[in-house]
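Before any comments, here is the structure.
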Amino acid sequence: NAENKVKIQQEGALAAIISLLKSPNEQTLIYASEALRHLSMNAQNKEEIERAGALPLLVELLSCPIDEVQEHVAVCLQNLSVNANNKIRIVQVGGLPALIELLRSRNKKVQAQGVVALRNLSVNADNKVYIVDEGALPPLIALLRSQDENIQEQSCGTIWSLSVNADNRPRIVQEGGLPSLITLLRHSNEKIQELAVLAIRNISTTDENKIKIVRLGGLPPLIGVLRSTNMRVVEQAAGSLWSLSVSEENQIKIVQEDGLQLLIGLLRSPNENVVEQAAGCIRNLSMNDENDVKVVREGGLPPL
């Protein structure tokens, strides 16, 4: 109950509940962590729980052998990490290693909550660096192949968030993230597809990665995404191709993979952002003499 979440805090019960996180009794730990999980949904309580000194105890319980406690604590930290200050404090009290370890849990619920908590923390610019430095990439990349769509989505979203940091982009590639991201471009879940495209677009900003993405088979699925009815996905796919088309080698391959005709078709899209991305890509493609002629032949001039 939303009102009760406030009243419990106002009546001073937080300190008592937090103290129960030290209990040696298994059932007490489950009840206390579950109570904090629910209380932490309230915006004011997110601050009060941190002020009451709960974070070190919660982080310690991430290593509890009881799956139910791990899940409740991970959700609690996930809720708390929506708060900007808590994003910093959770890391300061040593939360990253324990959260990253949850990604290797055999329990899918624990895995899922750990990923979401990391995704929330990764919004903070400094945390993008800390998360990668603490070794999160290998388990996150492994979870891209999970049979659970929610875990796939959250892992992909976290990797996308981490890829906003330029230094993380080569590290994602070095840890073997590209093949799995490319595979997700064909996923039936449009949200997963969109997150994969966003991550690949960020990764494609370096000259070396532009070539690697294409050599690993990234072009066919990216071009295929241009047929999507989801304009957000189409916009990001066209933007990724625009980035890749800076490479002379890729300019030829994009046309060979029948990308030009689809890009020209997008010039007539009612979505201005889609048109901008497609036009930018076609501009790059036309720098190749053979492509220049093909742009005209495929009817690219009128919409341009």
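The values are calculated or read from the model by the stated rules, or taken from the named source; none is laboratory data. Here the structure is a predicted model, which means the values were calculated and not measured. With ideal geometry, Cβ positions are generated from the backbone for all residues, glycine too; neighbour counts draw on all protein chains shown. Side chains included, ligands, DNA and RNA excluded: accessible areas come from the protein's heavy atoms. Shrake-Rupley method; radii C 1.70, N 1.55, O 1.52, S 1.80 Å.
I'm checking my understanding of the structure. Among residues of segment 85-108 that are assigned to a loop (DSSP other than H, G, I, E, B) and touching a residue at least 40 places away in the same chain (Cβ under 8 Å), which one is nearest to I66 (Cα to Cα)? Steps first, answer last, please.
Looking only at segment 85-108, we keep the residues that are assigned to a loop (DSSP other than H, G, I, E, B), and these are 93-94, 103-107.
Next, only the ones that are touching a residue at least 40 places away in the same chain (Cβ under 8 Å) stay: 103, 107.
Numbers: L103: 15, N107: 11 Å.
The extreme case among them is N107.
To keep it simple, each residue is scored yes or no on (1) open to solvent by less than 10 Å² (accessible area, probe 1.4 Å); (2) over 27 Å from E153 (Cα atoms).
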{"site": "L20", "(1), (2)": "no, yes"}
{"site": "P24", "(1), (2)": "no, yes"}
{"site": "M41", "(1), (2)": "no, no"}
{"site": "N45", "(1), (2)": "yes, yes"}
{"site": "A52", "(1), (2)": "no, yes"}
{"site": "P56", "(1), (2)": "no, yes"}
{"site": "V59", "(1), (2)": "no, no"}
{"site": "V110", "(1), (2)": "yes, no"}
{"site": "S122", "(1), (2)": "yes, no"}
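For segment 61-83, which residues satisfy the criterion of being more than 22 Å from N124 (Cβ to Cβ) and either under 27 Å from the mean Cα position of the chain (by Cα) or open to solvent by less than 10 Å² (accessible area, probe 1.4 Å) (or both)?
Scanning segment 61-83 gives L61, S63, C64, D67, E68, V69, Q70, E71, H72.
Being open to solvent by 20 Å² or more (accessible area, probe 1.4 Å), within 21 Å of Q147 (Cβ to Cβ) and assigned to a helix (DSSP H, G or I) is the filter here; which residues of segment 160-189 pass it? Those that are open to solvent by 20 Å² or more (accessible area, probe 1.4 Å), within 21 Å of Q147 (Cβ to Cβ) and assigned to a helix (DSSP H, G or I): W160, P179, T183.
Can you name the residue in segment 240-276 that is of a type outside the set (A, V, I, L, M) and within 16 Å of I182 (Cβ to Cβ) and, of all such residues, is most open to solvent (accessible area, probe 1.4 Å)? The residue in question is E257.
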